[in-house]
Each structure stands twice: as C-alpha cells, then as structure tokens.
Ligand code: M6R
C-alpha cells in the first residue's frame, strides 16, 4: 500500500483488504476525508464522521499523506514514508439521536426545524453576559461577544478575504455586507475553487476566513493551504492570519487555520445546507460585532440594537415555521410543471436570492437563478413570462421600494410574483400574487428570516416530486474531490 500510494496522483481515500490478512484493513488519505472510529475490539473507517456516530464517538481524522492499519488489536498510523505516528482519537460530544430523523420525513426538514435551537445555542455560546444595560461598567469597555479570537489575529486588519464554496460562499457574501457595514473593513468573497488557481495579489494585514460546513471541502482546504504557503517567510505584515468558520471543529479545516469559530450547529445530514448556513450567518454577525467593538465603528446603542434583534431571531424563526409550512406545502401544488424559477434580492438579501435558487436546483432539479433585482432589466428580464415564477425578497429597509419596483417590472412580463415580505404591507399586497410572510425586523438581520421560507419552498417542491431530498449522491462526492 505504501509503495502504491506514493505513485498515485490526485485526491483519494482508500480502504484495502488483503485475502491473506482478512483481519486487517489498510486505509490511506490524500486530499479526501477519511475518519477512523475506535470501537471495542472493532474499528471502523468512513468518508465522514456522522457515519461512525451510531457505533462510536472516539474518532481519529487522518491527515493528508497518512496511512493506517486497522486490526482487532488496535489502530496504527504511519506517514507515506512509513514512519509510525503517535495519534490519539478525540471524543465527539455527539449522540446517536443527532443522526436520526426523529419523526421527520427527511433530515432536511428536521434540520430546518432545528434552526431556532441552533441560533439560540450559538448566541448563548458567544454573547457576553456582562454586556447588559444594567451593567455597572461602561458598555464601551465591554466586548459584546466572546469569540475567543486572539488580538494577534484581528488587530490592525486592513482587509478580509473570505474563501468558500456553494452555500458557505453565500454566507460569506452576507458576511461581507456585515463586516463592511458594521465594522468598516473592506472584504472580498472568493470562490475557493477559483481562488486556488488565480489568487488575489498578496496584501498586507489580511485576515483570511475559510467557511465550510463539512470542514472537508477539497477546494476550500486547498485554497486555505495555498494562502498559508504563499505567505511563509514573508515580512510580518504579510504573515498569514487564518480563521475558520465551521460546525465541524474536529474536521480537516481545524488543522489548517489559526483559530476556529465553532458555529455549534452540529452535524448536518441532509445534503442541502440549511441549519449550518444560518449558523454561519450568526458567526458573521458575531465576528462583525467583535470587530465593530474593537475598532469602535458602531456606537454602544448601535451594538445594543443588533444584539436585541439577534436575541429575538429564534422565536421569529419558530413563528415562520409554525405559521407557514402548511401554506408553502399547499402552494407547491401549483409548481408541478414549472421548469424555471427566478429569485430576486438586493443588498443584504441578494445572497439569500442566490441561496433560495441553489436550494431549489440542488434538491428539486428545477432550473433556478438568483439575481440582483436591480440587474434584471439589463438583459435577463427577457427570460420572464407567465411560466416563470419570480420570488422577490422585499423587506423594509434601504432597498425595499427598489425591490418592489423591480418586482413590478417582472409583473409587466406576466411573471407570477411571490413575495418574501412582511404581511400587511399594502404596497406589497398589491404587487405579489402570493406572499410568504416574514416578520419585519431591522434590515440587517432580515437574511436569517427570509431564507427560512425559501428552504421550505425548495424542500416541499422536491418532496412533492418524490425526490430523495437528503441525498443527491453525486453532489456530496463531487464536493469532496
Ligand atoms: O461543506 P461546505 O460548506 O464546504 O460545502 C460547500 C458546498 O458544497 C455546499 O455548501 C453545497 O453548496 C450545499 N450542499 C448546498 O446546499
């Protein structure tokens, strides 16, 4: 095996058994996830940790260029050169219930319903209890969040680059909005799959944030590794500062970055990212507040306003889930023959339009595009007719009237208009054929609410079509390559 793996090219995670040694399994990893589970007189290997949870919580994630030999007596790990390595499994604080559907028809639906709890847990983990209006210390001297990120990583940061793929990239776009608007730091969001082949020129004092649900996405890991390597030996301002945002602190990203924000969303089993996306957004709110406090870009009242809004979100998500699921399920009858959807949003909700479209195409196989509402008139409006439903995200705030006016342009092309918008807004009632109502909140917090009906819409359209919502087997395997 050792001789063979050094001759292999590309990414692989292999398990090999030899007819002469049926009690042994040899596994090897290079750029693809491979986890080993430790049982009692039995050992397991899998391409992802959740598969091991029903059997054991003691798990060792192999690193690139490592081999392991699994026998009933134990596990021994080597590098490809044959040197024995000392490695210990870590104990996951997960339980088997996390990988059960608990009465839900699909994991995706279960995970959508877990979102209020995920937001609560993440806020509880990181909001500073000392920050309260009744505090006897001046609030300007108390950091509102406790992310545990060292000063060395954040001090003097002049720009931020976010590297991610898919839904995590969409979270990065919302993150950019928050980091720029709340903390005043110029931020770029790059597809990891592009960045690794055409990186931005090196800039000093740059914080690089890798965002990944699985912690194993090959492009994201490779982009972070490249960023780290190209800064080795450079003068101090050019040294790498790497931060990870993930719900999987035990995964490979933890080996690459200086520090991690664990979003506390737990494992996501459904292939469509839902609760992990919302938890990534919460991590960005908290990071933006941390930086806003350190750089004094927001007054105490501004910070308090965002904090109050964040604390209200779990109850508001619950409200949307309780009040809307049935309605959305019924609405999906009407899309039995639909082949194309357009999702529109602006400002902080433009990434949510992208996310709504991605969710729908990923699990229902319907063609869907997310577009900045203001750009429709520059060409794509030609695609619209009565057969193409348009979902517009219109929440009160700086771009509200603009989105309504863009939606009206779509209506002029006979498109059926579905609004993700607060109920009882007379101007919206007149424009939209259907409304997926969301409570009115501060615009900057609205993405956490507007994404929920879009997740439910994608789920119910796919479920109605009889599709296996939780598994699009090709996508998960492709992603890890
Ligand atoms: O695990 P990651 O967040 O790195 O995965 C990146 C994408 O593959 C992922 O977000 C994908 O787009 C989702 N399955 C979409 O629901």
Seminar exercise, completed: Once residue 443 and residue 294 are pulled to full extension, the length gained, defined as 0.36 nm per residue separation minus their Cα-Cα distance, is 51.3 nm
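Give me the percent relative contact order of the range 59-133, please, defined on Cα pairs under 8 angstrom at least 6 residues apart.
On the way: 41 pairs, mean separation 13.7, N = 75.
Relative contact order comes out at 18 percent.
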Seminar exercise, completed: Burial-style ranking of 184-191, 38-45, average other-beta-carbon count within 10 Å with highest first, yields 184-191, 38-45
Seminar exercise, completed: With Cα coordinates, the longest principal axis of the chain makes an angle with the long axis of helix 300-331, in degrees rounded to 10, of 80
Problem set entry | Nearest 10 degrees, 0 to 90: helix 115-126 Cα axis against the chain principal axis | 70
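According to the Kirkwood expression over distinct Cα-Cα pairs, how big is the hydrodynamic radius of the range 125-244, in Å?
Working: mean 1/r = 0.0641 Å⁻¹.
Evaluated on the range 125-244, it is 15.6 Å.
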For this session: Of the DSSP beta bridges with both residues in the range 107-298, give the percent that are antiparallel, rounding to the nearest 5.
Result: 5
Problem set entry | Mean ellipticity per residue at 222 nm, deg cm²/dmol - from DSSP H runs of n ≥ 4 across the chain, formula -39500 (n - 2.57) | -11000 deg cm²/dmol
Problem set entry | the chain: relative contact order in percent, alpha carbon pairs under 8 Å with at least 6 residues between | 13
For this session: Give the angle, between 0 and 90 degrees and rounded to the nearest 10, that separates the Cα long axis of helix 166-181 from the longest principal axis of the Cα atoms of the chain.
Result: 60
Exercise. To the nearest Å, what is the center-to-center distance of the range 1-80 and the range 148-182, using C-alpha atoms only?
Worked result: 35
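What's the ranking of 347-359, 233-245 by average number of surrounding C-beta atoms within 10 Å, highest first? Intermediate results must be reported in sequence, preceding the final value.
Details: 347-359: 26.6, 233-245: 16.8.
By packing density, highest mean first, the sequence is 347-359, 233-245.
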Problem set entry | Gyration tensor (alpha-carbon) shape descriptor, the range 2-99, a/c threshold 1.5 | prolate
Exercise. Normalised by the residues of the range 2-99, what does the relative contact order come to in percent, with Cα pairs under 8 Å and at least six apart?
Worked result: 25
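Applying a 10 Å radius around every beta-carbon, put 173-179, 196-202, 23-29 in order of their mean neighbour count, most first.
Numbers: 173-179: 23.7, 196-202: 11.4, 23-29: 19.4.
Highest to lowest by the protection proxy: 173-179, 23-29, 196-202.
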Exercise. Nearest-5 percent of antiparallel DSSP beta bridges in the chain?
Worked result: 45
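Rule-based calculations on the coordinates, nothing more; no lab input. Because the structure is a prediction, the values reported are computed rather than measured. All Cβ positions, glycine included, derive from the backbone under ideal geometry; neighbour counts span all protein chains shown.
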